[in-house]
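Contents: one structure, followed by commentary.
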Amino acid sequence: MNTELDDRALLELLPWYLNGTLEGAELAAVEALLLRSAEAREELEVLRRLAAAVREQEQAYEAPPFELGWARLQRGLQQEARPAPRRDWWKPGLAAAAALVIALQLGILMRPAQVDSDWQLQSGGSEQVLSGGYRVQLRFVEHAQWQQIRALLLELDAVLVDGPSALGVVQVHVPADKRFRDGQALLQWLQQQAVVQHAALLAREQP
Amino acid sequence: MSTDTDEQLLQRIAGGDQRALRQFYERFHGVVYQFSLRTLHNGADAAEVLNEVMLEVWRRAATFAGQSQVRTWLLSITRYKSIDLLRRKRPGELLDEAALEDEAAGEACPASLAIELGQQGAQVRQCLERLKDGHRQVVYLTFFEELSYPEIAEIMAIPHGTVKTRMLHAKQQLLQCLRRLLGGVAP
């Protein structure tokens with residue numbers, strides 16, 4: 001009796017013996033069954049014919065044309081709100097990693113700047129002439145491309161000092177440049193750049 | 001055609017590589033479409049599920065943990081999306097498969113019955129289409145996709161025993177159906 005139950009359970013495995021996915025003890029047991037049981041061999045033959053007929057019929061259903069389906073998927077991808085790496089800049093918690101990545105990309109070493117203790121925010125107000133360079137606060141427009149930001153910072157030979165903050169504000173050190181007679185001139189130039197949404201002169205810095 | 005393994009393609013997709021997604025789509029769009037069609041019986045709906053599944057792959061590629069074959073994981077998503085579409089569009093068609101498991105398959109067909117099925121294509125298709133979805137999916141995944149019964153159980157979220165039972169019933173129903181259509185072939 002126990003053997004009959006086992007044989008019934010083994011017969012149920014014949015479809016997977018047929019498709020080659022049985023392994024180990026199950027495979028060995030089914031092979032032993034097929035050796036001793038004519039009923040099992042007949043059942044296997046029925047399944048073999050049935051499987052062949054099923055494969056032939058199921059093959060008749062074709063997928064939609066590849067290029068049409070791919071074009072549809074591409075439209076879906078464009079609608080996906082997949083954040084671009086540059087936007088990850090502004091996410092809290094990623095600022096430190098983003099700053100390091102930027103510094104590495106620019107080939108710029110981040111170095112602590114010695115800030116004059118007597119600094120005041122200068123943005124359109126009275127200016128304080130700073131020597132050795134300026135600490136500038138910048139916020140870029142939302143659609144700014146990384147290449148544009150990079151080009152701006154390289155043109156100024158700027159160094160990223162802090163940020164980006166949760167609001168996307170960075171502080172950079174800009175060395176003294178003969179193009180700008182003073183901090184205000186630098187500020188005006190920055191505010192005219194298409195990628196800059198906001199610029200503020202924070203302090204002078206010691207080299 | 002990419003020579004990357006399925007897992008390698010998924011890793012590239014997780015990194016935002018759309019070319020990898022295209023290669024993945026090329027490799028699996030037929031599998032996903034055909035499996036979805038077995039549930040939905042409608043080409044347009046199956047194409048919609050195909051699109052949703054591939055978008056899901058784009059979103060979730062990084063979550064693939066490698067604990068199953070990529071194809072198994074993919075077909076699990078396909079089954080979920082197919083059922084979800086049925087719920088949204090045709091809720092009346094959703095059947096409680098579990099309640100149907102105990103249905104008797106009818107008289108058992110003798111194992112000695114051998115039918116020249118290769119010449120009876122139209123009848124085979126007709127009988128396949130009469131199978132309940134859960135039964136047809138097991139037959140399709142076994143004989144067409146050549147998956148193991150544990151993989152089928154994972155895709156369909158059913159126990160191993162249920163996979164075997166559905167196959168047993170499907171086989172009996174197919175043979176009974178063919179006997180009726182072919183005018184009762186003698187065992």
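Rule-based calculations on the coordinates, nothing more; no lab input. The shown structure was predicted, so the numbers you read here are calculated from the model rather than taken from an experiment. Quick reminder, even Gly has a Cβ in these numbers, built from the backbone with ideal geometry, and neighbours come from all protein chains shown.
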Exercise. In peptide B:44-55, how many Cβ atoms from other protein chains are near each Cβ within 10 Å, on average?
Worked result: 3
Exercise. Where does the charge balance sit around B:ARG12 when Lys and Arg score +1, Asp and Glu -1, over other residues with C-beta under 12 Å from its C-beta?
Worked result: -2
For this session: Over the whole of A:8-18, what's the average partner chain Cβ count within 10 Å per residue? Rounded to a whole number, please.
Result: 4
Exercise. Near B:LEU75, within a Cβ-to-Cβ distance under 12 Å, what is the net charge of the other residues, with Lys and Arg +1 and Asp and Glu -1?
Worked result: +1
Exercise. If each Cα of region B:6-93 is one equal point scatterer, what is log10 of I(q)/I(0) from the Debye formula at q = 0.10, 0.22, 0.26 Å⁻¹?
Worked result: -0.24, -1.00, -1.28
Exercise. Once you average over the residues of B:140-148, how many Cβ atoms of partner chains fall within 10 Å of each Cβ?
Worked result: 6
Exercise. Cross-link partners among lysines for B:LYS89, C-alpha distance below 17 Å, same-chain residues fewer than 8 apart left out?
Worked result: B:LYS81
Exercise. What per residue convex hull volume, in Å³, comes out for region A:2-58 when only alpha-carbon positions are used?
Worked result: 69 Å³
